[in-house]
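Enquirer: For reference, the structure I am asking about is given below.
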Amino acid sequence: MGTVTLPLSAIAPGNNTDLIQVTVNDTNTADRFYDALLLDTAGQTVIYSASGAGVNNLWLTEPDIGLDLGIVYGSGADWDQSVSVMSDVPVASGGPLAVLPGENPLFVYSVQGAPAVTASYNPKWLLERLS
């Protein structure tokens, strides 16, 4: 499977009756699929997927000047013991996470248990915005 653009045809802004249905076809009829994850490819996406025990804490840092994406760090404890976990990040796309005026929804998914999420934002003014 690859990229699927949804909706397949234009939907009027006032239409609240259309729906998109996901069907999984498998030759093993005993298989059950409980989750379908649809990602916005025009937004920012970071997927962390460790094959071992993983880490307790993740940090997505802002990119340095000249880079498109920041580094993803992980640690079993706190920031001072974190190391890069980019080898466990199969997908990082859409640029750095951005906060825009208004509502900024953040989707976090965990296979086991509800993840505890803390977000912090340090506002900055870039001189390049004026040029």
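Enquirer: So which of Gly70, Gly95 is under 20 Å from Ser120 (Cβ atoms) and modelled with pLDDT under 80?
Expert: Gly95
Enquirer: Continuing with this model, one more query. Look at region 30-59 and say how many of its residues are in contact with a strand residue (DSSP E or B) (Cβ under 9 Å, 6 or more places away or on another chain) and modelled with pLDDT of 75 or more.
Expert: Looking only at that region, the number is 13.
Enquirer: May I pose another question? Looking only at region 94-111, count how many residues are surrounded by 14 or more Cβ atoms within 10 Å (Cβ to Cβ) and out of contact with any Pro (no Cβ under 8 Å at 6 or more places or on another chain).
Expert: The total comes to 2.
Enquirer: Conditions first: (1) more than 11 Å from the chain's Cα centre (by Cα); (2) in a strand (DSSP E or B). Ala92 passes all but one, so which condition is the exception?
Expert: Of everything listed in (1) more than 11 Å from the chain's Cα centre (by Cα); (2) in a strand (DSSP E or B), Ala92 misses just condition (1).
Enquirer: Now for a different question. Name every residue in region 50-60 that is surrounded by fewer than 14 Cβ atoms within 10 Å (Cβ to Cβ) and of a type outside the set (A, V, I, L, M, F, W, C), in order of residue number.
Expert: Selection gives Ser51, Gly52, Gly54, Asn56.
Enquirer: Here is a follow-up. Of everything in region 66-88, what is assigned to a loop (DSSP other than H, G, I, E, B) and not acidic (Asp, Glu)? Give them in sequence order.
Expert: Matches in region 66-88: Gly66, Leu67, Leu69, Gly70, Ile71, Gly76, Ala77, Ser82, Val85.
Enquirer: One residue is enough: does region 98-118 have a residue meeting the conditions out of contact with any helix residue (DSSP H, G or I) (no Cβ under 6 Å at 6 or more places or on another chain), under 24 Å from Ile20 (Cβ atoms), modelled with pLDDT under 80 and among the β-branched types (Val, Ile, Thr)?
Expert: Yes, some residue in region 98-118 is out of contact with any helix residue (DSSP H, G or I) (no Cβ under 6 Å at 6 or more places or on another chain), under 24 Å from Ile20 (Cβ atoms), modelled with pLDDT under 80 and among the β-branched types (Val, Ile, Thr).
Enquirer: Only one of these conditions is not met by Thr27: (1) out of contact with any strand residue (DSSP E or B) (no Cβ under 9 Å at 6 or more places or on another chain); (2) of a type in the set (S, T, N, Q); (3) modelled with pLDDT under 80. Which number is it?
Expert: Thr27 satisfies all of (1) out of contact with any strand residue (DSSP E or B) (no Cβ under 9 Å at 6 or more places or on another chain); (2) of a type in the set (S, T, N, Q); (3) modelled with pLDDT under 80 except (3).
The values are calculated or read from the model by the stated rules, or taken from the named source; none is laboratory data. Predicted model only: the values in this text are computed from it and were never measured. Don't worry about glycine lacking a Cβ; one is built from the backbone with ideal geometry, like all the others, and counts go over all protein chains shown.
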